[in-house]
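These notes are about the structure you will find just below.
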Amino acid sequence: MKVLVAVKRVVDFNVKVRVKADGTGVETANVKMSMNPFDEIGVEEAVRLKEGGKATEVIAVSLGPTQCQETIRTALAMGADRGIHVQTDVELQPLAVAKLLKAVVDKEQPQLCILGKQAIDDDANQTGQMLAALLSWSQATFASKLVINGDGTANVTREVDGGLETIQAKLPLVMTTDLRLNEPRYASLPNIMKAKKKPIEQLTPEALGVDPAPRLKTLKVVEPPKRKAGVKVKSVAELVDKLRNEAKVI
């Protein structure tokens, strides 16, 4: 079974995000970038499937500028076999990403696609669902456990409002990962060195027959308002009074 994993290059989760002075987006110049944490979980799950004999090949795919090759190299160092880089400087939105991934899937013919449930930069939570719709494949979102069966199906445990739900889906399958699916490994230095020799195929949206032009326009990005300092109250009655008359929440 071939497994395809999408990996996105985002601002590192430890970095304090700053809005650009003109309000057109967030500042990414001279900012540490890394693999989206949910995608990192997806790579780990794919590598575990290969180590368990369920998968034969793991392919890491990233879409975006040249620097995305660093993200692919990280996935290769974690255990992916090869990478595919769809190079474009266009701002990619979820639908364009889904269309590009569909084109790659049509080319590679994997049986399982693993995506993070969302990216920590835009929090869109759309790409996996869109990809499944475009491919007419089964989908399982917010997965916290994956079991590949021998009859062409997979049991996926999902996190839902009421707790956990286990569903059985037919392969081929698009799955999106939740935090509790696994804990990603650290890439060792020998594996990092080996990753430099693993192949990364270069593609373009034009070669895949996809127009990546944005359909939405960002009008303005602003920082959230700063939280006001709290106050101490002397009694429950005073607390209720402030909640009712000042905060107006009750």
Quiz prompt | Any chance Val97 is β-branched (Val, Ile, Thr), in a helix (DSSP H, G or I), farther than 18 Å from Ile167 by Cβ and touching a Ser or Thr at 6+ places or on another chain (Cβ under 6 Å) | solution = yes
Quiz prompt | Matching residues, the stretch 195-250, being of a type in the set (Val, Ile, Thr) and part of a loop (DSSP other than H, G, I, E, B) | solution = Thr204, Val210, Thr218, Val221, Val222, Val231, Val233, Val249, Ile250
Quiz item: Given the stretch 1-89, what strands (runs of 3 or more DSSP E) lie entirely inside it while holding 2 or more residues that are more than 21 Å from Gln109 (Cα to Cα) and either at pLDDT below 95 or touching a helix residue (DSSP H, G or I) at 6+ places or on another chain (Cβ under 9 Å) (or both)?
Solution: 9-11, 33-35
Practice problem: Identify the residue in the stretch 184-209 that is surrounded by 15 or more Cβ atoms within 10 Å (Cβ to Cβ) and either in contact with a Pro (Cβ under 7 Å, 6 or more places away or on another chain) or of a type in the set (Gly, Ala, Ser) (or both) and, among all such residues, is nearest to Thr66 (Cα to Cα). | Solution: Pro205
Practice problem: Check whether at least one residue in the stretch 200-216 is within 35 Å of the chain's Cα centre (by Cα) and on the phi > 0 side of the Ramachandran plot, and report yes or no. | Solution: yes
Exercise. Report, by residue number, each residue of the stretch 18-38 that is aliphatic (A, V, I, L, M) and under 24 Å from Thr177 (Cα atoms).
Key: Met33, Met35
Self-check item: Extreme residue, surrounded by the most Cβ atoms within 10 Å (Cβ to Cβ), among residues of the stretch 91-126 that are on the phi < 0 side of the Ramachandran plot and polar (S, T, N, Q)
Solution: Gln118
Self-check item: Members of the stretch 212-250 that are touching a residue at least 12 places away in the same chain (Cβ under 8 Å), loosely packed, with under 10 Cβ neighbours inside 10 Å and in contact with a helix residue (DSSP H, G or I) (Cβ under 7 Å, 6 or more places away or on another chain)
Solution: Arg215
Quiz prompt | First in the stretch 127-141 and crowded, with 19+ Cβ neighbours inside 10 Å, second anywhere and among the acidic types (Asp, Glu), Cβ under 9 Å, 6 or more apart | solution = Thr141/Asp178
Practice problem: Could you check, for the stretch 156-173, whether at least one of its residues is assigned to a loop (DSSP other than H, G, I, E, B), among the basic types (Lys, Arg) and either buried (at least 17 other Cβ atoms within 10 Å of the Cβ) or without any contact (Cβ under 8 Å) to a residue 24 or more places away in the chain (or both)? | Solution: no
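Does any residue of the stretch 66-78 turn out to be among the polar types (S, T, N, Q) and without any contact (Cβ under 8 Å) to a residue 24 or more places away in the chain?
Checked the stretch 66-78: at least one residue is among the polar types (S, T, N, Q) and without any contact (Cβ under 8 Å) to a residue 24 or more places away in the chain.
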Practice problem: Please enumerate the residues belonging to the stretch 180-199 that are of a type outside the set (A, V, I, L, M) and more than 21 Å from the chain's Cα centre (by Cα). | Solution: Ser188, Pro190, Asn191, Lys194, Lys196, Lys197, Lys198, Pro199
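The values are calculated or read from the model by the stated rules, or taken from the named source; none is laboratory data. Given the structure is predicted, the values throughout are model-derived calculations rather than measurements. Here the Cβ is made from the backbone with ideal geometry for all residues, glycine too, and neighbour counts use every protein chain on show.
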